[in-house]
Each structure stands twice: as structure tokens, then as C-alpha cells.
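First up is the structure itself, then whatever we jot down about it.
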Amino acid sequence: MDKLEGYYFSALFSGCFLLSSVLFSKVTREQRDPYMDEIFHIPQAQQYCQGRFNQWDPMITTLPGLYLTSVGIVKPAAWLFGWSGSVVCSSGMLRFINLLFSLGNLYMFYLILCRMHTKVSALRRILCTLTLYLFPTLFFFTFLYYTDPGSTFFVLFTYIMCLYGNHKSASLLGFCALCFRQTNIIWIVFCAGNIVAEKVMEAWRTQLKKNDEKPSKKSSLEVVEALKFLLRYLLSPQNVLTLAILTWPYLLLVLCFLGFMVVNGGIVVGDRSNHEACFHFPQLFYFFAFTLVFSFPVFTSFQKITEFVRSVWRRPLLYGSLACIFVFLIWKFTYVHQYLLADNRHFPFYVWKNIFQRHELVKYALVPGYLFAAWSFLDALKNKSTLWLLMFFACLLFATVPQKLMEFRYYILPYLIFRLNTSIPSTRKLLLELALYVTVNIVTFYLFLNKTFHWPDSEETQRFMW
């Protein structure tokens, strides 16, 4: 970065740290005791703080990466500053670990944007970094002891190392990401897929140049051509060996993860009863809708809506077929998790109650909106190669479809990967997106801090949250 951009980023980093510290202090004062999933995470981390590494809460479903990292940070800090007693590994101290991860995410966003968008002005990169940092669903969990900030940090760190070609480092960081959340194996495969897509696209362009052909515009025809070339490419043992050599650090990690699944008897550790995998295809449609809402100021306009209508008008058979497929998948594969119906502290509870439960036909009536959201999603990625899109879409399917519970936290990483790979919009659009995120964050924290309530059978204070 040049000197002026360095000043911009330093000011941004300092401002974000100050803002987060103020919010952290407010949240910790208002909610001192562990809340929601913290009732599992905080006691487990405190067991590790006391050196009891053989004790494990069977209700926890993730690997102990968050707790090990917390102990690795807090214990040396306690020794260095002379902390003792209840301060060490208290709820506030453990939550502060996520504030550090959040600032790490800020830096990762900036590095990835600098790597991928070199021709964009420094101001727009800085503004885009701030916007992603304030992405509401992730920003909220900066102030609670959840796995999301740390998991996101190590996935982003893995991605930036992959982009710079440091694949051994990326694999090591990917292992750390797996220790935070097992489903991060999808984004490790995504990193390997970046290498494969780039290598295969290079070979495809070379062949087209030799045959004096031009690649088709992005369409169903080009997708078919790309798949045909990929199959032909993989039929060559030499090509497979080349790809294996390029991606071996990731392949080794994937093999180790498969071994873990065999030994563990599945991907989930601890309580599996409420985390059963299924073919919940509407999850993909919910994600597209989620993406449309949070990227609305950037990728949606009257012109885009007009382009979509024209596209439908030109290809009525294609969109009609897609609509039929969407309706069939919603009809046959819609699942409603018990948590979605029972836990009125989460925003998805109210989304489901006030939209989907209005009438049985509502879920089908939303299909045109899903089609527009999917079209907008693909249109925003039109600068990416066909094989990259196929690879990313495959990862997106594995990241969303197996989840039975509609949970906005599951959309954090796919959304961030999507936004990092789209072109950086104009300053005006970035400011509109930033305004949206700030507004949502203000409302979210206001509800969490001030609009508390009680359940009839419990004296504990309940709060609204993502």
C-alpha cells in the first residue's frame, strides 16, 4: 500500500477498535452472564483454562479450536500482566478474544481486496473494507463468545494465503479453521478449487487459441462446453497428477478430515440429535434472498430489474423450467427445525412466523423473488470464469443445503466470499450499503440491549439476537 493509503487504513483500524471497544463495554455490562450458546462455550473454555483438557461438554458440536486459542492468548497475557483470580478466563475476557478476531477479519478483508482489486482506488477499497467489517450478522457476534469471528478469520487467512500462492501455509491455517468449525472443510476445498479452475481455464484458453476459436458468452452453452473440457482434461492421468501436485497440501488436509469423519462416525462431535444433515434445497433459496437483501444497495437497481425482465422475456422456457424446479424442491424438501419454531429470541423465528407461516402458498409465491435473487447473484459474479462459478456454486450447495435449520449465521462465510469476489462498486453505492449495515446494526443492538423479555417458566432475562 502507498503511504497515504496506509494512513487511511491505520485510521480505519483505530476507529473500528474504538467503536468495538465501546460496544463491547456496553454489551458486557448489560449481559454479564453467559447467554445463549455461551452457556456451553464459556464453561468449556474455563475448564481448559484450569488445565482440565480431558473434560468435554457433550452438547458442544464443534472441535475445541476456540477454547485452545483462547487459553493460548489469555494465559500468557495473565502471566505478563499479573492477572489472577476471576479475571482470568472470565466471560468478559473470553469475549474479548472475539473482538481481536474481529479486528483480524478487518485486516484480512483489506488484504484480500488489495490482492483482488488492484485497479480500484484506495478510498473505495478502504470503504469496502469498513462495510464488510460491519456486516451485521458477523459484527454482532464480535461481542459474544461464539465460534463465528474466529472461524471467519482463519478461513479468510487461508484464502489470502491461497491467493498469494502460499499453499502450505494455507493448509496449516485451514487446519486451524477446521478446529473452529468442521464445515470449513468446504472452504478449504474452495481454495483448492481456485487453483484447479485457474489451471483448467488456462488450458482451455490455450486450446481455443490453437483452434482459432472464441469462448462463448456466459450462457448454458458455455457451461456445457466448460464441463466437457473439464471431463476431457481429467481423463488424462498427467493432468490429474499436475493438479494433485499443485493442490497436495489441501488434498492431504481433506484426507485427514475424511479419516476424522470415519473415526468420529460423522462430521458433528457431541450432540448430533439437533444437527442432522438432510437435503434441504430451499436453504439455497433462503441464502439467495439473504444475499439480495444485504447487497441490495450495490447490486439492485431499476436498470437491473429491467435487465432481469428482459432476460425472462427472451428465455421464457428456461425461466419457466427453473420456476418449476424451484417449486418442486420447495414442495418436497422443505424442512422446519424445532428450534426455528420454538426459540423466539432469534430473528429467523420472526421471519418464518411473519412470512412463511402466513399461508401454505407463501413459500411458493416467493419463487419469482428467488429467481431474481439467483439471477442477481450470478450477474454480480459475471467477471469470474465459468469453471470458477461452477466450483463456487458446488461449494455453496454443500455449505447450505445439508443444514436443516434456517440460521443466518450459516450464511456468513458464503456471503463474504461472494462479496470479496464481486467488483467493488462506486463510492455512492458503497455509502448506501454502509448506511444499510449501520442501520441494521443499530436496530440489532438496540433490541438486544433494551428490549429484553422473560419467558413464563423462567426468571432469566431473554434478548433478541441473530
* Among all residue pairs at least 6 apart or on different chains, which show Cβ distances below 9 Å where the first residue, located in the stretch 76-87, is open to solvent by 60 Å² or more (accessible area, probe 1.4 Å) and the second is modelled with pLDDT of 80 or more? -> Trp83/Val74; Trp83/Ala77; Trp83/Met93; Ser84/Ala78; Val87/Ala78; Val87/Met93
* Name the helices (runs of 4 or more DSSP H) wholly within the stretch 103-203 that hold at least 1 residues that are open to solvent by 20 Å² or more (accessible area, probe 1.4 Å) and of a type in the set (S, T, N, Q)? -> 167-180
* Structure fact -> For the stretch 1-36 the number of residues that are in contact (Cβ under 8 Å) with a residue 12 or more places away in the chain, closer than 26 Å to Tyr110 by Cα and either among the hydrophobic types (A, V, I, L, M, F, W, C) or open to solvent by 80 Å² or more (accessible area, probe 1.4 Å) (or both) is 11
* Asked: Out of all the residues in the stretch 141-167, which are under 30 Å from Lys199 (Cα atoms) and either more than 14 Å from the chain's Cα centre (by Cα) or modelled with pLDDT under 95 (or both)?
  -> Ile160, Met161, Cys162, Leu163, Tyr164, Gly165, Asn166, His167
* Only one of Leu420, Leu431, Leu396, Leu389 that is open to solvent by less than 10 Å² (accessible area, probe 1.4 Å) and under 24 Å from Lys119 (Cβ atoms) -> Leu420
* Of all residues making up the stretch 37-49, the number that are touching a residue at least 24 places away in the same chain (Cβ under 8 Å) and more than 28 Å from the chain's Cα centre (by Cα) -> 1
* Asked: Of the residues in the stretch 456-466, how many are farther than 16 Å from Asp33 by Cα and modelled with pLDDT of 90 or more?
  -> 1
* To do: Could you please find all residues in the stretch 16-43 being over 19 Å from Ser102 (Cα atoms) and in a loop (DSSP other than H, G, I, E, B)?
  => Gln31, Arg32, Asp33, Pro34, Tyr35, Met36
* Asked: What about Val298, is it open to solvent by 40 Å² or more (accessible area, probe 1.4 Å), at pLDDT below 95, among the β-branched types (Val, Ile, Thr) and within 27 Å of the chain's Cα centre (by Cα)?
  -> no
* To do: Identify all residues within the stretch 230-256 that are among the hydrophobic types (A, V, I, L, M, F, W, C), under 26 Å from the mean Cα position of the chain (by Cα) and crowded, with 19+ Cβ neighbours inside 10 Å; write none if there are none.
  => Leu253
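The values are calculated or read from the model by the stated rules, or taken from the named source; none is laboratory data. What you see is a predicted model, and the numbers here were worked out from it, not measured in a lab. Backbone-built Cβ (ideal geometry, glycine too); neighbour counts: all protein chains shown. Quick note on the areas: whole protein, heavy atoms, side chains included, nothing else; ligands and nucleic acids left out. Shrake-Rupley method; radii C 1.70, N 1.55, O 1.52, S 1.80 Å.
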